[in-house]
Amino acid sequence: MGAPEGQEARRIDGKAIAKRVREEVRERVAALAKRGIQPGLATVLVGDDPASAIYVRNKEKACREVGMESIGVKLPGSTTQAELLAVVDDLNRRADVHGILVQLPLPVDLDSNVVIERISPAKDVDGLHPVSQGRLLAGAPGLRPCTPLGVMRLLDEVGVDPRGRRAVVVGRSLLVGKPVALLLLERHATVTICHTRTSDLAAEVGSADIVIAAAGKPGAVRGEWIRAGATVIDVGTNRTEAGLVGDVEYEAAARRAAHISPVPGGVGPMTIAMLLSNTADAATPHG
Ligand code: GUN
C-alpha cells in the first residue's frame with residue numbers, strides 16, 4: 001500500500017480540504033440564518049504579541065467569509081485577571097455570542113487555566129475547558145479541540161480509517177497530543193503516545209500505520225523511521241530561519257509514506273476551518 005518504488009507519497013492538501021470544510025460551514029450558516037440564527041464567534045486578544053494578533057485577525061476574517069458574526073475584543077497587556085474574567089462573563093451572557101476563543105498564550109500575569117475555566121462549556125469552541133476535555137475522555141458529545149479535529153478530517157479525506165490501525169502520537173500536549181490520541185482511540189485505533197522520555201522513539205514510530213507528529217521540534221520524527229505505506233500527519237509549526245517547518249523530515253518521510261501532510265499547507269489551514277465548524281455546532285439548537 002506504500003508509495004510505489006521511486007514515487008513520492010501523496011501530499012495531503014490541507015488548504016484544499018480546509019476550503020471544503022469552510023464551504024460546508026457556509027452552507028450550515030445559511031441554513032441557520034433561515035431559522036433566524038447568525039452564529040457569532042468572540043475572539044479575545046490580550047496584549048500586543050504580533051503573532052497572536054495575526055492569528056486572531058485570520059480567525060475574524062474567516063468568520064466573516066462564511067457569514068458568521070465576528071466579535072473582536074482587544075484588551076491591553078495591563079489587563080488584570082479580574083477584568084478579563086468580567087469580559088468572559090459578559091460574553092457568556094450575550095445571546096449573539098455562540099463561541100468564545102481567548103487567544104493563548106496570555107500575558108504572564110494572567111492564569112490561562114482560570115480564564116478558560118470561566119468560559120461557558122457550551123461556548124468553548126476551542127475545546128480546552130475541563131468539561132470539554134472530560135466529555136472527550138468519557139466519549140460523550142461535546143466540543144473537541146480544533147487542531148485534533150483537523151487531523152481526523154485529513155485522515156478521513158485521504159480514506160485512512162483508523163479502525164484497527166496502529167497509531168503513534170509523538171507529543172502529549174493538552175492542545176494536540178492527548179486529545180488527538182483520544183479521538184483516534186474513539187475511532188478504534190490502537191494508540192501509543194510518545195514523548196521526550198520515550199526510550200526508543202524510532203521503534204515506536206516504525207511500528208505505526210498512522211504517525212501524528214506533535215512534538216513542537218523540527219526533525220523530531222526522522223524520515224527513515226517511517227514504515228512503508230504509513231500515513232504521516234505533521235502538526236509541527238516551528239518558526240526557524242528557514243521559515244515555517246514541521247516536526248517531520250518531510251523529504252525522507254515522503255519517500256516511504258503513502259500519504260503525508262506538508263508544513264505549511266497541511267494541518268495549519270484546518271485549525272481555523274474546524275473552529276468555524278465548532279462555532280456552527282455551538283450555534284445549532286439541540287434537542
Ligand atoms: N494559540 C495557539 N493555538 C491556539 C489555539 O488553538 N487556541 C487558542 N485559544 N490560542 C491558541
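The set of residues from the stretch 31-54 being part of a helix (DSSP H, G or I) and farther than 16 Å from Asn278 by Cβ comprises Ala31, Ala33, Lys34, Pro50, Ala51, Ser52, Ala53, Ile54.
Scan the stretch 80-99 and give yes if some residue there is buried (at least 16 other Cβ atoms within 10 Å of the Cβ), within 16 Å of the ligand (Cβ to nearest atom) and under 18 Å from the mean Cα position of the chain (by Cα), otherwise no. Among the residues of the stretch 80-99, at least one is buried (at least 16 other Cβ atoms within 10 Å of the Cβ), within 16 Å of the ligand (Cβ to nearest atom) and under 18 Å from the mean Cα position of the chain (by Cα), which makes the answer yes.
Residue-level analysis places Pro76 outside the set of residues that are within 16 Å of the ligand (Cβ to nearest atom) and exposed (fewer than 14 other Cβ atoms within 10 Å of the Cβ).
Residues in the stretch 132-157 that are crowded, with 17+ Cβ neighbours inside 10 Å and of a type in the set (A, V, I, L, M) were compared, and the one that is nearest to Ala215 (Cα to Cα) is Val151. Looking across Ala62, Ala51, one residue alone is at pLDDT below 95, within 24 Å of Val263 (Cβ to Cβ) and within 15 Å of the ligand (Cβ to nearest atom). It is Ala51. Exactly one residue among Leu106, Leu32 is away from the ligand (no atom under 16 Å from the Cβ) and surrounded by 12 or more Cβ atoms within 10 Å (Cβ to Cβ), and that residue is Leu32. The residue list Ala228, Ala257, Ala252 contains one member that is part of a helix (DSSP H, G or I), more than 13 Å from the ligand (Cβ to nearest atom), over 14 Å from the mean Cα position of the chain (by Cα) and not polar (S, T, N, Q), which is Ala252. Can you find, within the stretch 131-160, the residue that is nearest to the ligand (Cβ to nearest atom) among those that are outside any loop (DSSP other than H, G, I, E, B) and of a type in the set (D, E, K, R)? The residue in question is Arg153. Under the condition of being within 13 Å of the ligand (Cβ to nearest atom) and without any contact (Cβ under 8 Å) to a residue 24 or more places away in the chain, which residue from the stretch 109-121 is surrounded by the most Cβ atoms within 10 Å (Cβ to Cβ)? Filtering the stretch 109-121 for residues that are within 13 Å of the ligand (Cβ to nearest atom) and without any contact (Cβ under 8 Å) to a residue 24 or more places away in the chain, the one surrounded by the most Cβ atoms within 10 Å (Cβ to Cβ) comes out as Ile116.
The values are calculated or read from the model by the stated rules, or taken from the named source; none is laboratory data. Nothing here was measured: the structure is a model prediction, and the numbers come from that model. Cβ: placed from backbone, ideal geometry, glycine included. Neighbour counts: every protein chain shown.
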